[in-house]
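Chemist: Let me begin by handing over the structure; questions about it come next.
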Amino acid sequence: MSNMPLEKTPALTPAEHITALADQCVQCGLCLPVCPTYALDRDEAESPRGRIAIAAALVRGQADPFGELRQPLDHCLGCLNCETACPAKVRYGELLIRTRALLGPAPHRPRRLLALLQRPAWLRTLRRISGWLAMPRWKAWLARRLPAASPWRAAISTLPDEAPAPVVRARTTHGKPSLALFPGCVASIEDAGAQQAAITLLEAVGYHVSVLPAFCCGAMDLHGGATTPAAQAARRVQAAWRDSGASRLISVTPGCLGALRLALPGVEVVGPLSLLAERIDSLRFRPLTQRVAVHLPCSQINTARTEAALLQLLRRIPGLDVQPLPRPPHCCGAAGSHMLEFPERAARLRDATLRQVATLAPQQLLSSNIGCRLHLAAADDDPQGTRWPSQHPLTLLADQLEPPPSSQDHP
């Protein structure tokens with residue numbers, strides 16, 4: 001028997017694959033307490049268990065893919081808290097992506113707005129023009145004149161008040177880089193300072209970092225069911241990676257890691273925090289007497305899994321009072337393009353997060369995901385009537401980095 005050739009397993013169709021993933025769910029309900037949308041609505045359809053049942057019914061032809069049952073699938077944040085709670089280890093994220101791919105993009109998806117955000121050159125030009133027009137002074141006035149559910153109102157509200165940092169640059173060195181930094185699209189402009197901070201910190205512990213061209217990783221298209229542009233973005237990632245000559249790919253944006261890992265199977269794609277934590281003894285920081293609230297994005301906890309490394313690094317700063325936000329709430333509502341597609345639902349989740357921030361009475365708010373940070377800062381007001389300055393934790397770490405002795409001796 002052992003010498004007999006095995007019959008090749010036939011490839012599953014997309015519908016069969018979704019059915020197989022759905023059949024792994026034992027309907028225990030342990031995912032419900034950690035699901036942000038179930039907490040919002042207390043509706044079984046807005047839970048992972050309910051969405052799995054809906055996906056199975058859709059692919060079996062037992063439900064209308066264009067009816068009301070599609071809406072809970074569109075509402076899902078893709079936070080993956082359910083995967084961490086699932087005793088059956090259901091691959092919910094894969095099921096969601098495959099189901100959305102089968103259904104195609106939602107009719108209400110703001111295609112033009114997302115196309116703008118996915119093109120860094122366009123976005124940087126727009127940011128330059130908004131600076132000339134003093135947009136921060138009157139963006140609130142303009143936003144209030146748009147419908148509450150308008151994606152453009154949400155986008156205008158998230159426009160930062162400060163000008164973006166310069167384009168990220170790596171130091172020119174000879175030899176093969178050990179790391180390649182993926183700048184992304186929105187992050188390449190709005191988080192350029194954090195990306196430069198990552199390079200500074202990584203070089204301080206001995207890494208040689210190169211920088212890839214700035215473009216979209218395809219995450220928003222992948223999670224929105226737009227399979228063709230998502231595949232095009234993946235091929236662009238693959239080509240840029242081959243040209244880099246690096247051994248590992250990094251991103252300061254946890255929300256990009258999932259799409260990058262799908263595009264580059266077999267490549268180590270990580271956040272810089274884990275690499276810095278491995279060489280933490282090489283880092284020295286100047287004291288800072290301040291209390292900071294640390295928002296841990298869903299993608300940092302469930303995809304990057306660098307929350308422990310982040311807290312370890314921050315606690316190396318003498319005098320810094322590091323206060324992680326309590327959980328729940330389990331998601332701030334940004335969730336990629338969710339804050340643009342469903343701004344009113346996203347605002348309710350944001351309010352719950354800001355109430356948790358207020359209980360900590362911080363002087364500053366830290367968050368590793370640019371979408372989360374922009375979304376949290378866009379609130380009309382936090383529950384206590386104050387606003388907290390916010391930044392990427394890497395920026396704070398780089399600002400407090402103690403230069404090596406040789407640099408101090410030769411200013």
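No lab work stands behind these numbers, since they all come straight from the coordinates. Predicted, not measured: the structure shown is a model, and the values here were computed from it. Reconstructed Cβ throughout: ideal geometry from the backbone, glycine too, with neighbour counts over all protein chains shown.
Chemist: Output ³J(HN,Hα) for the stretch 136-148: one whole-Hz value per residue in order, computed from phi by the Karplus curve 6.51 cos²θ - 1.76 cosθ + 1.60 with θ = phi - 60°, and x for Gly and Pro.
Modeler: x, 6, 10, 5, 5, 4, 5, 4, 5, 8, 9, x, 4
Chemist: Kindly state, as a whole number, the per residue volume in cubic angstrom of the convex hull around the alpha carbon atoms of the chain. Could you put the intermediate results ahead of the total?
Modeler: Numbers: hull volume 73.7 nm³, N = 411.
Per-residue hull volume (Cα only) is 179 Å³.
Chemist: When Rg is the radius of gyration of the Cα atoms in the stretch 14-103 and Rh is its Kirkwood radius, what does Rg/Rh come to?
Modeler: Values: Rg = 11.7 Å, Rh = 12.7 Å.
Ratio value, two decimals: 0.92.
Chemist: Something else: By the gyration tensor of its Cα atoms, with a ≥ b ≥ c the square roots of the eigenvalues, what is the shape of the stretch 144-296: rounded for a/c under 1.5, prolate for a/b over b/c, or oblate? Could the numbers behind the result be given before it?
Modeler: Values: a/c = 2.00, a/b = 1.18, b/c = 1.69.
Oblate is the answer for the stretch 144-296, as a/c is 1.5 or above yet b/c matches or exceeds a/b.
Chemist: Would you mind checking which residues have amide H under 5 Å from Leu401's amide H? H placed 1.01 Å from N; only 5 or more apart, or other chain.
Modeler: Those lying under 5 Å, H to H, from Leu401 are Arg286.
Chemist: Determine Rg/Rh for the stretch 310-362; Rg is computed over alpha-carbon atoms and Rh is the Kirkwood hydrodynamic estimate from the same atoms.
Modeler: Using only Cα positions, Rg/Rh for the stretch 310-362 is 1.10.
Chemist: A follow-up question, please. With the Cα gyration tensor of the stretch 225-330 giving a ≥ b ≥ c as the square roots of its eigenvalues, does the rule (a/c under 1.5 for rounded; else a/b larger than b/c for prolate; else oblate) give rounded, prolate or oblate?
Modeler: oblate
Chemist: Efficiency by 1/(1 + (r/R0)^6): what FRET value for Ala140 and Glu16, r their Cβ-Cβ distance, R0 = 30 Å, to the nearest 0.05?
Modeler: With a Förster radius of 30 Å, E is 0.05.
Chemist: On to the next question. Among Ile280, Ile52, Ile250, which one moves the most in a GNM of the chain with springs linking Cα atoms closer than 10 Å?
Modeler: Among Ile280, Ile52, Ile250, the largest GNM mean-square fluctuation belongs to Ile280.
Chemist: Between Glu68 and Thr289, with labels modelled 7 Å along Cα→Cβ, what's the label distance in nm to one decimal, could you check?
Modeler: Each label point lies 7 Å from its Cα, and together they span 5.9 nm.
Chemist: While we're looking at this one, here's another question. Given the C-alpha centroids of the stretch 15-72 and the stretch 104-171, what is the distance between them in whole angstrom?
Modeler: Using only Cα atoms to place each centre, the spacing works out to 33 Å.
Chemist: Grab the DSSP H runs of the chain that are 4 residues or longer, score each as -39,500 (n - 2.57), total them, divide by all residues and round the 222 nm result to the nearest 500 deg cm²/dmol.
Modeler: It lands at -13500 deg cm²/dmol.
Chemist: Also: Obtain the nm distance between the two label points defined at Arg127 and Ser150 by a simple spin-label model: each point lies 7 Å from its Cα along the Cα-to-C-beta direction.
Modeler: 2.3 nm
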